[in-house]
Amino acid sequence: MAKLANLKPALSSMPPRLNVAGPADERERSAFRSRTEVSQRWYNSAKWKKLRLGVLLRDRFTCRICGKIEPRTSKLICDHIVPHRGNEELFWSGPFQCLCTSCHSSKKQAEERRDPTPRGVWY
Ligand SMILES: [Zn+2]
């Protein structure tokens, strides 16, 4: 029986199954990555947490789409009505609305169907 160490890795001999990205794609991916990383920092900030809670309170913990009242704030999303796409001005200025997680997912999917540009986490 062959020892594990004697087995050749099969991965390198397999043909590539994904398109190999050119430098333009890499630049684009890198720009996208830094945009999402930056907005992730904004979402983690105390400033955002305060702003988000203010929006949930203003909307009385009620989803603006389906009207569901949700007392657990972890199940509510302070949604950017206009997608910010990493734009700091839009991120902080809003407008915002309170959405439940399921309405937010539907809204996000609908927006992605309209604009297939990949993007990061939405809140
Ligand atoms: Zn809803």
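Pop a pseudo-label 7 angstrom from the Cα along the beta-carbon direction at both residue 35 and residue 74 and give the gap in nm to one decimal. For the pair residue 35/residue 74, the computed spacing is 3.1 nm. Taking the Kirkwood radius as Rh and the Cα radius of gyration as Rg, region 28-123 has a ratio of Rg/Rh equal to 0.96. Given their separation in residues at 0.36 nm each and the Cα-Cα distance between them, residue 108 and residue 64 gain 14.4 nm when the chain is fully extended.
Whole number in Å², please: accessible area per residue of region 49-116, 1.4 Å probe, ligands, DNA and RNA not counted. Walk me through the numbers on the way to the answer.
Working: 4120 Å² over 68 residues.
Per-residue accessible area for region 49-116 comes out at 61 Å².
The values are calculated or read from the model by the stated rules, or taken from the named source; none is laboratory data. Quick caveat, the model's predicted, so the values are computed rather than measured. Here Cβ is always computed from backbone atoms with ideal geometry, including for glycine, and neighbour counts include all displayed protein chains. Quick note on the areas: whole protein, heavy atoms, side chains included, nothing else; ligands and nucleic acids left out. Shrake-Rupley method; radii C 1.70, N 1.55, O 1.52, S 1.80 Å.
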